[in-house]
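The values are calculated or read from the model by the stated rules, or taken from the named source; none is laboratory data. Worth saying up front: this structure is predicted, and the values here are computed from it rather than measured. Cβ sites come from the backbone with ideal geometry, for glycine too, and all protein chains shown count toward neighbours. Protein only, heavy atoms only, side chains kept; ligands, DNA and RNA dropped before computing areas. Shrake-Rupley method; radii C 1.70, N 1.55, O 1.52, S 1.80 Å.
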Amino acid sequence: MNEFAHLVSRPSRQIDYQTFDNRLLAYVLRYEPSFLTCMSCGGCTATCSAGKLTDFNIRRIGLMLRRGQTDKLAAEIDKCMFCGKCSLVCPRDVNIRNVVLLIKKESTRLHAENQKV
Amino acid sequence: MEKEQKHVAVIGAGIAGLHTANLLAQSGHKVTILEKEKYPGGHLNQWHHLFPDHSSPEWIISGLLDEQLQFDHLKMISSTEITSIEKNNGHFAINAGNELRIYADAVVISTGFKLFDARQKEEYGYGLFKNVITSADLEQSLKSGQPLTTASGKTPSRVAFIHCIGSRDAKCGNTYCSKVCCITGVKQALEISEMLPETEIFCFYMDLRLYGSKFDDLYLQAQKKHKIQFIRGRLSEAAETHDKRLQIKAEDTLSGRPLRMEVDMIVLLAGMEKNEAHQMFSSTKLLELDEHGFFKSKNIQLTRNETTQPGIFIAGTCICPMSVNETIENAGAASILVNRYLEHQQLTNHHE
Amino acid sequence: MQTETSKNWSQFNKDIANDHYYYLRSCIRQNFFPGSEVAFLDILRNKLGKTIYDDASHTTCAGIGYHCDIVPFETIQALAARHFSLMTEKGLKHAVVSCVTSFGIYSEILDTWNHFPESLEKTRNALRKSTGREFELPENVVHCSDIVYKFRKEIKDQAKHTLTNTKTGKPLKIVDHIGCHYAKIFPERGVGGAEFPKVLTGMITAWGGETVDYPERRHCCGFGFRHYFVKNNRSYSLSNSKKKFESMEPFQPDAIVTNCPGCNLFLDRWQYTLEQIERKTYGQQGQGIPVLTYEELAGLVLGYDPWKLGLQFHQVEVEPFLDKMGIAYKKGDKYKNLDGKIIGERPMVNELNIV
Amino acid sequence: MQHIETLIKEKLNSDIRFVEGLNACMNCGICTAICPAAEFYDYDPRTMLTIVQSGNLQKIRELLESDTIWYCGQCMSCKTRCPRHNCPGLVISVLRKISQETGAFTQSRMGRQQYLLRKGLGNALLNIGYSLHPSFIKPADHPEQGPVWQWIFENASEIYKTVGANLDEEGPGVLRKIDKEAMTEFRAIFEETGCLELFRLIDQYSSIKALELGITNEANQPDMDQYLHFIENEQETSY
């Protein structure tokens, strides 16, 4: 038995900008530049249909994208019902629905190309 | 009855003092401005561009000074520091260096603010790490017209603006908001971005207190056009890495996760503090200071420019942090109150 | 790389008593670095001519129990009060504390009594009721490292060695690690405040060394109290120390010096563990970074024998550091008892010099 | 339910460390930014403080029953930086105490570990008047201590002597045996100031938990040795 089995370097929860995965964000911004003006007010989350049924948090999706935390993004956006209410309420007129669509599209492509997202 | 010409002493030749003095001179009063520095203009001399219109502050100062020229009864004495003020029979005797003694019927204090000494926030390394600068340093650098570089002469690839330095911070005793730093940061971020379009810029804030309508336009422009990123979290520390970059730590509070980033340059948005000269007025019990060491108004709502001492008025950032346009507005308001006081004095004297 | 403190705290002088001390031992230091406590008393008495009372009757402050949350605040207050009572009995007023967490505990208690006088009264009653004791408040409570800092120049005057690489003539690069409870809770109780404490850097520079400022300098060693004592939580402790090692590695320090016994233990042992589980070392030439207590550092400067100082208690080999300082020592003596016989089966030295 | 929540409220407000430690948090995140626990555990001192500040007793109660309050490593780095002079680490101490006094600690894996600490560290304190003794650090349980410690552990009496220690002997010095009178006073203080009562509470709530988990002996009584073994080996679900 390995006497050190209980001792491991724990993964850091810290967002590390030095290892920023920019691919999805760059793609989204290219096709939906309105996303730049998001100010994380949470209006989208407040009205979100999926958010009422699951732990889906659309505001956080945007943040994860902007902070390069893309590893869980693809699975997370599957909860979105694409009702588009988020885009309706957004005070900065961000087409949030399209942001989610773009994430879906690009992450599927990256996945198909066998690139880790 | 002929109106007796009254004499008003204005202490401090920043924009508040200059503007108040001009307005009072225009009303016919004799005015003497006392300035401790060699040149008038105060902090504005250090500024490159003003928010929200990126205009140059020079025309404000020169405009105010040009206006002075039309008044023979307005005098400015520079390089003179006040040592004490006495009040006798409703009149004031102001003692300054060089055995100068001036008598006045009313006094306007427009001594302004002191920039927070960012070295006090040791955890941000100002004065220790060369690539940590303040918003005032950046303004001077922009004014010099030289391209912005790191201490080693490189173009910074990543710059972080840190809000609330010396503001809203019980650790350094300043629990109030300095109000203009948020917009200063956004303005400066835009200017760096214009100058260095490849540079990534981040603003670390607690609340974006962009209180003017035009200010929010700059925020939108910063996000939209310049891709400046705003992260809600107060910086906890900055430290120098082996290759002389800076490692910073904050919480991305909206994500609920700690965040670490390396940047080439940090700009500390230093707040406004009480001017130490205020102490002189309160020590002689002539005036009261508020809990933050700024001059206390007689009434914070109605008579912002009146102090607790009849005949002594205050204008500009010696009252509280203000922007340039607010200072100018405030100076105007001060002159109205001074006028009202002197008119009232005239009437009372006449009846006596 | 020289560290300067900014104006604010550098102008602040902590009051450190000059003589007639009362010593309070540390659970961790006496267990793991016993030679350090012995050396501290010897330096004070025989090199600096001070008096320090070493009391057989004092106990733990129960700070570890307090921070593991099984010992209430009221209990540690009464234990501290008992120690003050012992001091009162001896007519002493200057407490000198070996453990950084104890120092933090005494600071917290004195601060509490100051702000909430009713808690002082409550403690007096509890102590009276349980032991019949009375006590006077101490005039001065400092950490042992404060004392060594205070007399760093006197130590330098008697120095047999300096913190210089005798081969290159350059100052040795030394990382200082300050225990969190030294000044993070009460910055005014630490020499130089919380952000850039001078207590260790003052010694390092006075004795000819160079200090290292690295990004994770102020990060906790990761002790975490309950996180080390509970085996399944220990990775927390390891991970935090690792964060520090990774951050200091590019600076290639010659040694780490600590003022907290716990930090000294963990920064030493986790290097060994990381070598074992990840095959990674952080020092020069694939070696570990020696981790010394400030008493050991002072002792080496004063010419004490490394093995009398207890340097054989460290898992990361200290010999490379002794060699750089030009200290003559007998390798073989490391594992010998007082009669000069090798004790037991000496530990194997592995290929990476982390013994 | 209601009763426990009222009790929590009373206990919170009567603890001076709570009064000292929480002072209008403005959610800036400066504590989380440098918190060692926030980096390696799913823990955020800022949100912990927000919950406590909210005064929502149900949420506070959930906090007391969760792993959350047990992640803090008590380094107090949060205290240094807070712009409002808060100390989340100190608030944690208060929450942990209440969690133990109300039995809430047995509801979480990390909380249950208090029984381990009470048994190990608690008994050590009562037996020798110190938290540690070389004989407690068994190499088998402490592989991180390495071969040097193994050597010290096996030859303690001889090795400690070489550096001038007074291991287990009378009189002053390193690792001396604390005399009887001092130990009597020490234990009396533990009794008088409520530490032994806290030990009893931890024992009692842990027994209840053992029973609840079906960790019992033949007589259907809680088997506390087995419970100790259980909490020692209880694994984190994922990280």
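Brief remarks follow.
- Positions within the range C:54-96 being in a strand (DSSP E or B) and among the acidic types (Asp, Glu), in sequence order: C:Asp54
- Top-ranked residue in the range D:194-219 [being assigned to a loop (DSSP other than H, G, I, E, B) and not β-branched (Val, Ile, Thr); ranked as most open to solvent (accessible area, probe 1.4 Å)]: D:Glu218
- Members of the range C:257-290 found to be more than 18 Å from C:Gly224 (Cβ to Cβ) and among the aliphatic types (A, V, I, L, M), listed by number: C:Val257, C:Ile277, C:Ile289
- Residues (under 19 Å from A:Glu106 (Cα atoms), open to solvent by less than 20 Å² (accessible area, probe 1.4 Å) and in a helix (DSSP H, G or I)) located in the range A:36-67: A:Ile58, A:Ile61, A:Gly62, A:Leu63, A:Leu65
- From the list D:Gly89, D:Gly103, the lone residue that is within 11 Å of chain C (Cβ to nearest Cβ), in contact (Cβ under 8 Å) with a residue 24 or more places away in the chain and either of a type in the set (Gly, Ala, Ser) or open to solvent by 30 Å² or more (accessible area, probe 1.4 Å) (or both) is D:Gly89.
- Per-region count, the range B:233-267, residues more than 7 Å from every other protein chain (Cβ to nearest Cβ) and touching a residue at least 24 places away in the same chain (Cβ under 8 Å): 11
For every residue, the table says whether it meets (1) outside the structural domain of B:Glu306 (by TED's automatic domain parsing); (2) more than 30 Å from B:Gly311 (Cβ to Cβ).
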| residue | (1), (2) |
| --- | --- |
| B:His54 | no, yes |
| B:Ile61 | no, no |
| B:Leu64 | no, no |
| B:Thr149 | yes, yes |
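- Matching residues, the range A:12-35, being farther than 21 Å from B:Gly233 by Cβ and open to solvent by 40 Å² or more (accessible area, probe 1.4 Å): A:Arg23, A:Ala26, A:Arg30, A:Tyr31, A:Pro33
- Residues that are crowded, with 18+ Cβ neighbours inside 10 Å and without any contact (Cβ under 8 Å) to a residue 12 or more places away in the chain within the range D:168-193 comprise D:Gly173, D:Arg176, D:Glu185, D:Ala188, D:Ile189, D:Glu192, D:Thr193, listed in sequence order.
- Residue check for A:Ala75: exposed (fewer than 14 other Cβ atoms within 10 Å of the Cβ), closer than 30 Å to C:Ser239 by Cα and away from every other protein chain (no Cβ under 13 Å): yes
- Of the residues D:Ser157, D:Ser77, D:Ser135, the single one that is hydroxyl-bearing (Ser, Thr, Tyr), closer than 23 Å to C:Pro261 by Cβ and buried (at least 21 other Cβ atoms within 10 Å of the Cβ) is D:Ser77.
- Restricting attention to the range C:215-238 and to residues that are crowded, with 23+ Cβ neighbours inside 10 Å and among the hydroxyl-bearing types (Ser, Thr, Tyr), the residue that is nearest to the other protein chains (Cβ to nearest Cβ) turns out to be C:Tyr236.
- Subset tally (residues that are out of contact with any Cys (no Cβ under 6 Å at 6 or more places or on another chain) and in a loop (DSSP other than H, G, I, E, B)) for the range D:129-156: 9
- All of (1) farther than 24 Å from D:Ala38 by Cα; (2) surrounded by fewer than 18 Cβ atoms within 10 Å (Cβ to Cβ) hold for A:Ala5 with one exception: (1).
- Filtered residues of the range C:180-209 (kept if more than 14 Å from chain B (Cβ to nearest Cβ), closer than 21 Å to C:Ala17 by Cα and not hydrophobic (A, V, I, L, M, F, W, C)): C:His181, C:Tyr182, C:Arg189, C:Gly202
- Matching residues, the range C:144-185, being open to solvent by less than 60 Å² (accessible area, probe 1.4 Å), assigned to a helix (DSSP H, G or I) and not hydroxyl-bearing (Ser, Thr, Tyr): C:Cys144, C:Asp146, C:Ile147, C:Val148, C:Arg152, C:Ile155, C:Cys180, C:His181, C:Ala183
- Selection within the range C:294-317 - within 11 Å of another protein chain (Cβ to nearest Cβ), among the hydrophobic types (A, V, I, L, M, F, W, C) and not in a helix (DSSP H, G or I): C:Trp307, C:Leu309, C:Val316
- Single residue of B:Gln301, B:Gln345 found to be among the polar types (S, T, N, Q), open to solvent by 20 Å² or more (accessible area, probe 1.4 Å), more than 30 Å from C:Asp213 (Cα to Cα) and in contact (Cβ under 8 Å) with a residue 40 or more places away in the chain: B:Gln345
- Any hit, the range B:69-78, residues being in the same structural domain as B:Glu306 (by TED's automatic domain parsing), at pLDDT below 95 and surrounded by 18 or more Cβ atoms within 10 Å (Cβ to Cβ): no
- C:Ala56 meets all of the listed conditions (1) more than 14 Å from C:Ser102 (Cβ to Cβ); (2) touching a strand residue (DSSP E or B) at 6+ places or on another chain (Cβ under 8 Å); (3) free of Cβ contacts under 8 Å to residues at least 60 places away in the same chain but one, namely (2).
- Residue tally, condition assigned to a helix (DSSP H, G or I), at pLDDT 95 or above and open to solvent by 30 Å² or more (accessible area, probe 1.4 Å), over the range A:81-104: 6
- Cβ separations smaller than 9 Å between residues 6+ apart or across chains give the following pairs from the range C:171-187 residues that are within 16 Å of C:Asp213 (Cα to Cα) and touching a residue at least 24 places away in the same chain (Cβ under 8 Å) to residues that are among the charged types (D, E, K, R) and not in a loop (DSSP other than H, G, I, E, B): C:Pro171/C:Glu210; C:Leu172/C:Glu210; C:Leu172/C:Lys324; C:Lys173/C:Glu210; C:Ile174/C:Glu210; C:Val175/C:Lys244; C:His177/C:Lys244.
- Test for C:Phe12: is it touching a residue at least 40 places away in the same chain (Cβ under 8 Å), of a type in the set (Phe, Trp, Tyr) and either surrounded by fewer than 20 Cβ atoms within 10 Å (Cβ to Cβ) or within 12 Å of chain D (Cβ to nearest Cβ) (or both): yes
- Any hit, the range C:274-281, residues being within 10 Å of chain D (Cβ to nearest Cβ) and closer than 30 Å to C:Arg45 by Cβ: no
- Filter pass, B:Tyr205 being farther than 21 Å from A:Pro33 by Cα, open to solvent by 10 Å² or more (accessible area, probe 1.4 Å), within 14 Å of chain D (Cβ to nearest Cβ) and in contact (Cβ under 8 Å) with a residue 60 or more places away in the chain: no
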